[in-house]
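What follows is a single structure, written as structure tokens, with notes after it.
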Amino acid sequence: MGTPRIVTATRVIPAPANVIFDLLADPHQHVKLDGSGHVQQVRQAPKRLFLGAKFSMGMQWGPRYTTVNTVSAFEENRVIAWHHWAHFVWRYDLEPVEGGTKVTESFDFTKPWGIFLAMTKTPQQNIVSMTKTLERLEQAVTSSS
């Protein structure tokens, strides 16, 4: 789904947008929510993200490494996005719908150097991982209510 260099996954989660957004805005929850298994730990982060906030995560995709992310979009209960050094963007759009909130996660690798990802299976793997992330997000918000 999405444009050739933006992949997406969408799920309607039976919870209000503010409850979902609060989890996404808490970087300390990202290890629990990450469907890829790459996010290993929070290294440095505020308690709650905000536009321009920086946070670092211990990652593992093959070797272990640390990535620093910058929040690039933040609209309370609607949109949150961040990018790392390569400016590939992870974004969540929340839309209230009947029965809960439609959550769309996207990975945008439209920067010119993203062509290297397009030549691998990374975009297809990201769709699988994003689908798992949305499942985990639903489990997190429905098990706490």
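None of the figures in this text is laboratory data; all of them are computed from the coordinates on show. Bear in mind the structure is a predicted one, so any value in this text is a computation, not a measurement. Here the Cβ positions follow ideal geometry from the backbone for every residue, glycine too, while neighbour counts run over all protein chains shown.
Points worth noting:
- Charge-dipole axis of the chain as Lys and Arg at +1 and Asp and Glu at -1 on Cβ define it, positive-most pick from ALA81, TRP61, ASN18: TRP61
- Number of Lys pairs (Cα under 28 Å; 8 or more positions apart or on different chains) in region 6-143: 16
- 10 Å Cβ shell holding at most 14 others, DSSP loop, chymotrypsin sites (Phe, Trp or Tyr not before Pro): longest site-free stretch of the chain: 86-145
- Cα convex hull volume per residue for region 6-143 (Å³): 98
- Relative contact order, percent, the chain [alpha-carbon distance under 8 Å, six or more residues apart]: 30
- Electrostatic dipole magnitude of region 6-143 [Cβ: Lys, Arg +1; Asp, Glu -1; Cα centre; debye, to 20]: 520
- Rounded to 10°, Cα long-axis angle of helix 122-143 versus longest principal axis of the chain: 20
- Counting charges near TRP82 (Lys, Arg +1; Asp, Glu -1) among other residues having Cβ under 10 Å from its Cβ returns a value of +2.
- Environment charge of VAL31, counting only residues whose C-beta is closer than 13 Å and scoring Lys/Arg +1, Asp/Glu -1: +1
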